[in-house]
Amino acid sequence: MGSDAGASAPAERATRRVALGVSYLGGAYKGWQSQPGGGTVQDTLEAALRAFTTQPVSVLCSGRTDAGVHGINQVVHLDTELHREPFSWVRGTNTFLPPDIAVQWAQEVPGHFHARNSARGRRYTYIVLQAPVRPALEAGRVGWVFRPLDQAAMEAAAQHLLGVHDFSSFRSSQCQSPTPIKELREVRITRGPAPHLPITPASPDAGWAPVHPQGTVSARGPSAALQGQGVYWRFDFEGQAFLHHMIRNIMGCLIMVGTGVQRPDWVRTVRDARNREIAAPTFSPDGLYFLGPRYDPEFGLPNVTPALAWLPV
């Protein structure tokens, strides 16, 4: 009896590796990576985990995000001697998190799992609102252009970036990657109308007659937004890994092509120059979302969270 109890005690104290899926809005934070002064998503998450476990906790993430960039399914792992059910990790940690960060799922994983090194790929999406007037409700959550975008031109430009290339022209001067050579596996560009609910006789707004500025509706100018002329564009990127600001710098170039400032072949020229100075300015972080990493099926980790359904396209 005594020997059995002694044998089970070490097992209870065995170190476990736990993976968490985290969603967050990045607007209020200085990026993911912990900083001495705090104010990052990692700092906030680790503080919540310490409050929940009453122990020091550090996490490793699948991919760092910049200030203002959002996360849909950021995956982190941590090592702990505590045994908690998955729902307990989720609800307990969320109790100590602010409203713009939430753990979506938790799962115990094998000791050889590593949130960053086990990733086979990473996915990002950028949402752009094309409309005559800047966004308000979506401020900080979408990029914005007021000129029409040419989908065919942007798709032609993106073809010059697929495959393994030296992406120095799209690399921040602060990038710490040991090599600028990366593989971009996919760029997918889609568009959809601004979301709206149809007004039916049973709708609360059914009695309101449409009113437009100056009593008219024009295909040009701010009133065009009231005609449903606004559209959301979605740019999906997948690769093994990305350089610092790489997607935002690519977005700047694609937008220049889409608005007719440059031809699609210009992107190839930028790529081959391996010179950041000739590329477009870095696009806003507002509409950039880290969708999460891809792992081998053996780990059985979720790659979808409810937040994916929130994206407008």
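The values are calculated or read from the model by the stated rules, or taken from the named source; none is laboratory data. This one's a predicted model, so the numbers in the text were calculated from it and none came from an experiment. Accessible surface is based on the protein model in full, side chains and every heavy atom, while ligands, DNA and RNA are left aside. Shrake-Rupley method; radii C 1.70, N 1.55, O 1.52, S 1.80 Å.
Starting at the first residue of region 73-86, write each ³J(HN,Hα) from the Karplus equation 6.51 cos²θ - 1.76 cosθ + 1.60 with θ = phi - 60°, in whole Hz, x for Gly and Pro.
9, 5, 10, 10, 10, 9, 10, 8, 8, 7, 10, 9, 5, x
How large is the Rg to Rh ratio of region 1-133 when both quantities use alpha carbon positions and Rh follows Kirkwood?
1.07
Relative contact order, percent, of region 17-102 when contacts are C-alpha pairs under 8 Å separated by at least 6 residues?
Relative contact order of region 17-102: 42 percent.
Report the extension gain between D79 and S173 in nm, rounded to one decimal, defined as 0.36 nm multiplied by the number of residues separating them, less their alpha carbon distance.
So the extension gain works out to 30.5 nm.
Leaving out ligands and nucleic acids, and using a 1.4 Å probe, what accessible area per residue does region 55-147 come to in Å²?
Counting only protein heavy atoms, the per-residue value for region 55-147 is 46 Å².
Can you list residues from other chains, or at least 5 along the same chain, whose modelled amide H is less than 5 Å from the amide H of W144?
HN-HN under 5 Å from W144: L129.
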